[in-house]
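Below: the structure, in structure tokens.
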Amino acid sequence: MPENVRLEKRGPVAHLVLDRPEKHNALRFDDLDLLVDLLHAAEDDDDVRVVVLRGEGPSFCAGHDYDDAVRSYGLEPGPDGQAPRRPSQRSRLLRDRRLGAGYMAFHYALKPVIAQVHGMCTGAGLYLVELVDLAVAADTARFSHAEQRLGLAGNTFNLATLIVAFGPKKARELLLLGEPFDGPTAESIGLVNRSVDAAELDATVDAWAEKVCRNAKDALVMGKAAHAMALASLGMSGYVHAGMVGHALGTNVKFEEGEFNFFRARRDGGTKEAFQHRDAHHSAHHPADHDRD
């Protein structure tokens, strides 16, 4: 399998690059594992002071590769189309412990991490932006928690951090509705530090990284350690464990008759058609909206 993430060094700045542009940098589980390994490599490199996380092609990151996710969670139908046996909760917890540890690695990275966001940013991509130190986005970036429409409805790994960052009501809105929003909106709610014209994105991130690099190496690491301790004092140190259990349960939802089931739709018509059905089901023009008129 080709490696779809890479590490580039530019002096004291390490760039973690998502490089699967034909899929809008959708992450497979192995991609995320490698991304974490490369993050640790940047942490271990004493010449590196700051890390930039960015994507090649038209988007930052379109979240998880759901074909890979379906296989990883043991939900792929058999060759005859027969529904698979539901995976055990212990196998789900093992899978989600690995996933949660990846997110936690970015949240508690030893060195500052800046996300450079353009194009699509949803699901796992958005989780990473929410968890790193700083984020700069293009005005045209499109953010959303559309992954919540697959049966999660507010159940996510970093729920505690969202409540602290946005307040409980806004966090619930972002997750329950899953509606898209742009760079300026992301700045207004505090998701990103700055939204800039797309043509200025590279230069702005480079300038921010250069300013961060003016700090002493020890100061950067100790400042990040102090930040981690402050998070722990707010009860943030255990969020990934709650998220692990919540996600394992959320990927084992029982869908009632008439409720949108992404996995059934994917089985019947493929992944692309399943996403189209999902978006139509949750659109503002869904027939259920007119029943109230």
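Here are some notes:
- Unmet criterion (only one of (1) without any contact (Cβ under 8 Å) to a residue 60 or more places away in the chain; (2) in contact with a helix residue (DSSP H, G or I) (Cβ under 8 Å, 6 or more places away or on another chain); (3) surrounded by fewer than 14 Cβ atoms within 10 Å (Cβ to Cβ)) for Ser188: (2)
- The residues of the stretch 1-21 that are within 24 Å of Pro112 (Cβ to Cβ) and of a type in the set (Lys, Arg), listed by number, are Arg6, Lys9, Arg10.
- Of all the numbered requirements in (1) in a helix (DSSP H, G or I); (2) open to solvent by 60 Å² or more (accessible area, probe 1.4 Å); (3) at pLDDT below 95, Glu22 misses one, and that requirement is (3).
- Search result, residues across the stretch 27-63 that are assigned to a loop (DSSP other than H, G, I, E, B) and open to solvent by 10 Å² or more (accessible area, probe 1.4 Å): Arg28, Asp45, Asp46, Asp47, Arg49, Glu56, Gly57, Pro58, Ala62
- Count - residues of the stretch 94-118 that are open to solvent by less than 10 Å² (accessible area, probe 1.4 Å) and within 15 Å of Val50 (Cα to Cα): 5
- Flag for Val70 being surrounded by fewer than 22 Cβ atoms within 10 Å (Cβ to Cβ) and either modelled with pLDDT under 95 or of a type in the set (A, V, I, L, M, F, W, C) (or both): yes
The values are calculated or read from the model by the stated rules, or taken from the named source; none is laboratory data. Given the structure is predicted, the values throughout are model-derived calculations rather than measurements. With ideal geometry, Cβ positions are generated from the backbone for all residues, glycine too; neighbour counts draw on all protein chains shown. Just the protein is used for accessible areas: all its heavy atoms, side chains included, with ligands, DNA and RNA removed. Shrake-Rupley method; radii C 1.70, N 1.55, O 1.52, S 1.80 Å.
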